Amino acid sequence: MSTTQTFEYSRAMPPVDHDDPVQGETMMVNMGPQHPATHGVLRLVVRLDGETMEYIDPDVGFLHRGKEKTCESLGWHKFFPHTDRLDYVQPLLNNIAYAMACEKLAGITVPERGQVVRVLLMEVSRIAAHLIYIGTTSIDLGAVSNFFYSFEQRELIYSILDAYTGHRMNNTYVRIGGVYADVDENVERMLEKFLDEFPEKLQVLERLLTGNRIWYGRNRGVGLVSKENAMAWSLTGPNLRGSGVDWDLRKRQPYCGYETYDFDIPVGTVGDCYDRYLVRMEEMRQSCRIAKQALERLKQTRGAEVLAEDRKYVLPPKALVHRSMEELIFQFKVVTDLCLPVGEAYQAVESSKGELGFYVRSDGTSNPLRCHIRAPGLMNVQAIPLLGNGRLLSDLVAIIGSLDFVMGEVDR
Amino acid sequence: MNPLLRDILVWLVKAGVVYGGLLGVAAGMTLAERKVSAWMQYRHGPNRVGPWGLLQPIADGVKFIFKESLTPDGANRWLFRFAPAIAAVPAMMTVAVIPFGPAVPLPDSWGVPAAFTNLSVTDLDIGLMYLLAIGGLSIYGVILGGWASNSKFSLLGGLRASAQMISYELTLILTILAVVALSGSLSLRGVVEAQPDFWEWNVFHQPLAFVLFSIAAFAETNRHPFDFAECEPELVSGFHTEYSSMRFALFALGEYCAMVVMASLWTTLFLGGYKVPFWENAPWFVCVAAFCAKTSLFLFLYLWVRWTLPRFRFDQLMHLGWKVFLPLALVNLFLTGAAVSYGVDLW
């Protein structure tokens, strides 16, 4: 099947030959930006020949809020809440990616426990994000109840995050140098309970979808992308691994001590929607595994610091701020006028969508000279025509669902 | 009293009961749909209007009436207004031939001699043909609604509906024919009377036809997993995207009425209709209750399947219809016909 795919894809719309009776009968359909299956405000211009899509043009930018420029004008520390709003189904992962880029630039080492907490948060966020993928894709393919089954589990994660960070979404709980506060025992217990029960709950979804003949028929062979094409179109994350490329930043460029955790990277075989689905299902199990190990480590390192001791770049402990004038000044300086050293840094993490990277460049002032966000979602959107051309209109929703992008991140 | 007058009165009462019942059940189905889906999805469903949300259909009706009825620019106004009626009326017409109970004795009073009346609005000798002929018309509502809306999504919905209808009506008719061959009657009451006791039910004699009919019934009524005419993720509700107010409600009403009729037909053809298992001379009200119970079974199946399965893709549906169901139904009909004509008792 992959031989029919071509590396080159012309963005220009093929001209309509009005003398050709068949071509003249094509229909332009404007899917989005308010279309229910486009997962936000994606607009797809589709030329239909009957039910076959002969041309797809994704049109992004409806959710553009100028996040990169906002970072440059707000300053280093105040940008954290904005990172939450990039890929809003996994705010903590975005927080951590940005914080790590800043730490790399400033040369700050995050304490061991802080890194473990970060790993825990990242993996739990990944599970939550993948659950949304399962839920929304099932709705797109008509299995509406699965949406609720997956969101039930996601709600549990959000309750835990609520207990820990005080917010369900948009947590902004990561700081340069670590995380804002330590995980308490109540949160540990909640997490433990969730992680113990989750694989079993995942079985419910698995039973309803994986072996389902209709689900299989809707996904198998749909949205094929070969290994070469996946790499050429810079797909990352589950979309790349679904095509059989064993590339995961957690293994290939370990950060936060991922090399010390025991987990596997699931890869697909042919690179269709079904493979990407299976990869994400397995990734949730692996994330659960990592999170369990991280939780064990948290229990062993109780009482250790989660935020680095560095008065120049890192927030001082809140208890001290309330008591000492010096610390209050440090706090004030870090929040309002943090100046990272001159230089540039790029840090990428494996987010639930792929390689989420922050490129930051400092001229030594309190405002970043440049902040570029390498959003995996944008590359995923680019690939829609590659995957969808020549397929049926019904496949488009399966493809959009399986590419799994969040427009907040694509448009930034 | 004139016997003719009594007959007219009886007929009016029966018609009132049947149509009231059909519309009542159709309205109830809208509530049941939400309640069942809610149970399956850890939700409560409607629970604000009336006890247990029971008055929700009425509230919906009132809301629909008060909504503005929009006609999009460029729509074919006449057809656009006409389509919902075409979609809703046939289902209401076909219910007339469904026998929902046995003959009921009419008492000897007012000087009119005692008599019996059959529990159905009418007993046509060609009831099944009438039902299929009229029931097949309802698809015109969907096609015309999709075409007249001047919306591309609606047009696609209408197109899909017409293709789907042709493919599945064939299977449906072929399975019904097998039952007809077995019963030797095109009258629905005749079909019921040919299944006197439990082991004579056609579901045991025609298991393949039973399965095929059950699946084709989903496609015939445009229900999930074959609801391509609507298909909310890609076609944004398809043929009724542009409809609002009571016109939209009529489409929904038509769909639910068609479901009720199809479920009754299913009961009549395969589950012995109003016959009560293992109780040959059951009183008529028990028979009616049995009929309602069997019909609700299939109505529940409609809901159960809808909220469990993913949706087929359109070409998969056609593949299934033409390459799997149609040959199976043909083979089934051929075998049944051969068995009947040579007098072989397959059972």
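The values are calculated or read from the model by the stated rules, or taken from the named source; none is laboratory data. Given the structure is predicted, the values throughout are model-derived calculations rather than measurements. Here Cβ is always computed from backbone atoms with ideal geometry, including for glycine, and neighbour counts include all displayed protein chains. Surface areas here come from the heavy atoms of the whole protein model, side chains and all, with no ligands, DNA or RNA. Shrake-Rupley method; radii C 1.70, N 1.55, O 1.52, S 1.80 Å.
Long-range amide H contacts for B:Gly101: which residues qualify at under 5 Å (H placed 1.01 Å from N, peptide plane, sequence gap of 5 or more or a different chain)?
Under 5 Å from the amide H of B:Gly101: B:Leu119.
How large, in percent, is the carbon and sulfur part of the accessible surface of the protein assembly as shown at a probe radius of 1.4 Å?
It is 63 percent, rounded to a whole number.
Describe numerically, in nm with one decimal, the distance between label points set 7 Å from Cα along Cα→Cβ at A:Arg252 and at B:Val62.
For the pair A:Arg252/B:Val62, the computed spacing is 6.2 nm.
If the limit is 19 Å between Cα atoms, which of A:Lys78/A:Lys318; B:Lys35/B:Lys67; A:Lys78/A:Lys312 go over it?
B:Lys35/B:Lys67
Calculate, in nm to one decimal, what B:Ala289 and B:Val49 gain on full extension: separation in residues at 0.36 nm each, minus their alpha carbon distance.
Net length gain for the segment: 83.6 nm.
Stretched out fully, how many nm does the piece from B:Ala85 to B:Tyr342 gain, at 0.36 nm a residue minus the Cα gap?
Length difference between fully extended and current span is 87.9 nm.
Per-residue HN-Hα couplings for the stretch A:357-363, Karplus 6.51 cos²θ - 1.76 cosθ + 1.60 at θ = phi - 60°, whole Hz, x for Gly and Pro?
Taking θ as phi minus 60°, the curve returns x, 10, 9, 10, 9, 10, 9 Hz for the stretch A:357-363.
Does anyone have the angle between helix A:325-337 and the longest principal axis of chain A? Alpha-carbon axes, 0 to 90°, nearest 10?
Computed tilt is about 20 degrees.
Measure nothing but the geometry: give the 0 to 90° angle between the long axis through the Cα atoms of A:273-300 and the longest principal axis through the Cα atoms of chain A, rounded to 10°.
10
Picking from B:Ala282, B:Ala114, B:Ala181, which is most flexible by a Gaussian network model of chain B using Cα springs under 10 Å?
B:Ala114
Within a Cβ distance under 15 Å of B:Asp60, other residues only, what is the Lys/Arg minus Asp/Glu net charge?
Taking every Cβ under 15 Å from that of B:Asp60, the sum is +4.
Could you list which residues have their amide H under 5 Å from that of A:Val29, counting only those 5 or more apart in sequence or on another chain, with H placed in the peptide plane?
Under 5 Å from the amide H of A:Val29: A:Val46, A:Arg47, A:Leu48.
Enumerate the amide H contacts of A:Gly237 below 5 Å, restricted to partners 5 or more residues apart or on another chain; note that Pro and chain-start residues carry no placed amide H.
A:Glu355
Taking R0 as 56 Å, what FRET efficiency do you get between A:Asp59 and B:Glu200 from their Cβ-Cβ distance, rounded to the nearest 0.05?
With a Förster radius of 56 Å, E is 0.35.
Roughly how many nanometres apart are two label points built 7 Å out from the Cα toward the Cβ at B:Trp39 and B:Thr308?
So the two model labels end up 1.3 nm from each other.
Between B:Phe278 and A:Ala319, with labels modelled 7 Å along Cα→Cβ, what's the label distance in nm to one decimal, could you check?
The modelled label-to-label distance comes out at 7.4 nm.
So if a site counts as exposed when it's one of the GluC sites (Glu not before Pro), its DSSP state isn't H, G, I, E or B, and it has at most 16 other Cβ atoms within 10 Å, what's the longest stretch of chain A without one?
For GluC sites (Glu not before Pro) (loop position, at most 16 other Cβ atoms within 10 Å), the longest site-free span of chain A is A:9-304.
Per residue of the stretch A:49-61, in order, report the coupling 6.51 cos²θ - 1.76 cosθ + 1.60 (Karplus, θ = phi - 60°) as ³J(HN,Hα) in whole Hz, putting x for Gly and Pro.
My calculation for the stretch A:49-61 gives 10, x, 9, 8, 8, 9, 7, 10, 10, x, 10, 9, x Hz in order.
Which helices count as membrane-span-like in chain B under these terms: full DSSP H, at least 24 Å along the axis by C-alpha, Kyte-Doolittle mean of -1.0 or more?
B:3-40, B:77-94, B:152-183, B:245-270, B:284-306
Using 0.36 nm per residue, how much length does the chain from A:Asn186 to A:Asp262 gain when fully extended, once their Cα-Cα distance is taken away?
Once the chain is fully extended between A:Asn186 and A:Asp262, it gains 24.8 nm.
With angles folded into 0 to 90 degrees, how steeply does helix A:393-403 sit against the dominant principal axis of chain A? Use alpha carbons for both and round to 10.
Helix A:393-403 and the main axis of chain A meet at about 20 degrees.
Normalised by the residues of chain B, what does the relative contact order come to in percent, with Cα pairs under 8 Å and at least six apart?
23 percent.
Restricting attention to the stretch A:218-287, which trypsin sites (Lys or Arg not before Pro) occupy a DSSP loop and are surrounded by at most 14 other Cβ atoms within 10 Å?
Here the sparse-neighbourhood loop sites are A:Arg220.
R0 = 51 Å: FRET efficiency of A:Glu112 with B:Leu301, Cβ-based, nearest 0.05?
Approximately 0.35, to the nearest 0.05.
Using a Gaussian network model of chain B whose springs link C-alpha atoms within less than 10 Å, name the residue from B:Phe226, B:Phe325, B:Phe204 with the highest mean-square fluctuation.
Result: B:Phe204 has the largest fluctuation of those listed.
Using a 10 angstrom Cβ neighbour count of at most 15 plus a DSSP loop assignment to flag exposed trypsin sites (Lys or Arg not before Pro), which longest range of chain B is free of such sites?
Answer from the scan: B:68-347.
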